[in-house]
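So the structure is just underneath, and the comments pick up after that.
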Amino acid sequence: MLKSLQVGRAFAALAVLSYHVAVAFRLPKYFGVEPFGPIFLPGYSGAYFFFVLSGYIIFQAHWQDLGVPARIIAYLWSRATRIYPMYWIATLATLVGTLFVPSAREAFNAQPAYLFGAVTLLPFVEDKAVLPVAWTLFHEMLFYLIFSSLLVSKRLGVLLIGFWGFGCCISAVYQNIDGPLGVIFSPINLLFFVGGASFLVLKRKKISKPLIIFALGAALFIAAWSYIAFYPSEAYAGLPNATLGIASGMIVAGAVGYETTMGMSAPRFVLFLGAASYSIYLTHFFLISIFCKIFTQFASQLPASISFSLITLFSIGIGCTIYSLVERPIHQFFKARVHRARELELLPVRK
């Protein structure tokens, strides 16, 4: 994977983590303060940034597979083994944790449709699961499935994706669609289109001054982030979030355009954080809750800013450890099986 994309993944995961730490610190049952003010509250935009990244990455990784139906099984297998194993492990760990929290046990939804959706990440009811942060994965899996239509037939895929995008635009205007259709046609899905568009721009035409595109995108992103930080009531509002999405596309296009023409270096620990971003994302919410309980109980004398920083670092560290000990070996195991199958020509490749 390109270094610029790994850096982007690291940013997205850390932004979401910092947002959840900030939200937890505002709760009266924990600290009831904002040690760094509202600066981290727009961190939810890290999820938006990752949707844009995902759109770019999927188009880049599978561009040669479009219109090749024989590649569908390999494509779906690679996507499933990338998402489900760690998600199921994190979900199981969260379920075990709820056994020790009475309020969590009472709030647990045992309806079959909800549980089936939580296991499959398909929105049979809505985009909620046992793992609170899993709402983004419902949208990811939806994107993966719709993208697969492009492998069946380019024409069919374009029609289906066009219909999907049109539905998401309609939903953005009316904003009153609930249930499964609300997930399928959520305006947030348009961020995948932004990522795909960034790839197509770079694929069809070389950007002459990618750093300018990157700088403009970064400035626009920072402006939208600052606006949401100082006007919290505008969080999740249409205009600032649309600005974040467009800015994310410009950042990705500019960064990738620069790396592919001029090369790029990045600190190894940042690239490692990018590789570990999925484990960090899946585990951080539960870890933040645990650490907030521990710090309020046993380290309440520490300044809130110190506690905030330590909880953030501990959550990142444990997420990275889980990546090294669990996610990476699992990913390598399934990746090796796919490569072996290709060598035996069990999974046809494009000639």
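The values are calculated or read from the model by the stated rules, or taken from the named source; none is laboratory data. Since the model is a prediction, treat every value here as computed from it, not as a measurement. Using ideal geometry, Cβ is built from the backbone for each residue, glycine included, and neighbour counts are taken over all protein chains shown.
Here are the numbers:
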| read-out | value |
| --- | --- |
| Of all residues in segment 301-313 being of a type in the set (A, V, I, L, M, F, W, C) and touching a residue at least 24 places away in the same chain (Cβ under 8 Å), the one that is farthest from LEU131 (Cα to Cα) | ALA304 |
| Any hit, segment 259-272, residues being in contact with a helix residue (DSSP H, G or I) (Cβ under 9 Å, 6 or more places away or on another chain), in a helix (DSSP H, G or I), surrounded by 16 or more Cβ atoms within 10 Å (Cβ to Cβ) and polar (S, T, N, Q) | no |
| Of the criteria (1) touching a residue at least 24 places away in the same chain (Cβ under 8 Å); (2) surrounded by fewer than 20 Cβ atoms within 10 Å (Cβ to Cβ), which one PHE298 fails | (1) |
| Test result for GLY254, at pLDDT 90 or above and either touching a Gly at 6+ places or on another chain (Cβ under 9 Å) or among the aliphatic types (A, V, I, L, M) (or both) | yes |
| Unmet criterion (only one of (1) under 22 Å from the mean Cα position of the chain (by Cα); (2) modelled with pLDDT of 90 or more; (3) of a type in the set (S, T, N, Q)) for GLN64 | (1) |
| ILE73 of a type in the set (Val, Ile, Thr) and either surrounded by 17 or more Cβ atoms within 10 Å (Cβ to Cβ) or in contact with a strand residue (DSSP E or B) (Cβ under 8 Å, 6 or more places away or on another chain) (or both) | no |
| Segment 46-59: number of residues that are within 18 Å of TYR278 (Cβ to Cβ) and over 8 Å from the mean Cα position of the chain (by Cα) | 6 |
| Any hit, segment 55-73, residues being under 21 Å from ALA224 (Cα atoms), part of a helix (DSSP H, G or I), without any contact (Cβ under 8 Å) to a residue 40 or more places away in the chain and not charged (D, E, K, R) | no |
| Output for segment 82-126, where each listed residue is within 27 Å of VAL152 (Cα to Cα), in contact with a helix residue (DSSP H, G or I) (Cβ under 6 Å, 6 or more places away or on another chain) and at pLDDT below 90 | PRO123, PHE124 |
| Every residue from segment 308-332 that is polar (S, T, N, Q) and farther than 20 Å from ALA15 by Cβ | THR321, SER324, GLN332 |
| Every residue from segment 251-263 that is under 15 Å from SER208 (Cβ atoms) and either aliphatic (A, V, I, L, M) or free of Cβ contacts under 8 Å to residues at least 40 places away in the same chain (or both) | ALA253, VAL256, MET262 |
| Hey, ARG79 over 26 Å from ASP178 (Cα atoms), more than 21 Å from the chain's Cα centre (by Cα), at pLDDT 90 or above and charged (D, E, K, R) or not | no |
| Segment 148-185: number of residues that are closer than 23 Å to ALA129 by Cα and part of a helix (DSSP H, G or I) | 8 |
| Test set (1) within 18 Å of the chain's Cα centre (by Cα); (2) modelled with pLDDT of 95 or more - ALA242 fails condition number | (2) |
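Residues checked against (1) closer than 26 Å to GLY8 by Cα; (2) buried (at least 20 other Cβ atoms within 10 Å of the Cβ); (3) in contact (Cβ under 8 Å) with a residue 60 or more places away in the chain; (4) in contact with a Pro (Cβ under 8 Å, 6 or more places away or on another chain):
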{"residue": "VAL194", "(1), (2), (3), (4)": "yes, yes, yes, no"}
{"residue": "LEU200", "(1), (2), (3), (4)": "yes, no, yes, no"}
{"residue": "LYS203", "(1), (2), (3), (4)": "yes, no, yes, no"}
{"residue": "PRO210", "(1), (2), (3), (4)": "yes, yes, no, no"}
{"residue": "ALA215", "(1), (2), (3), (4)": "yes, no, no, no"}
{"residue": "ALA219", "(1), (2), (3), (4)": "yes, no, no, no"}
{"residue": "ILE222", "(1), (2), (3), (4)": "yes, no, no, no"}
{"residue": "TYR227", "(1), (2), (3), (4)": "yes, no, no, yes"}
{"residue": "TYR231", "(1), (2), (3), (4)": "yes, no, no, no"}
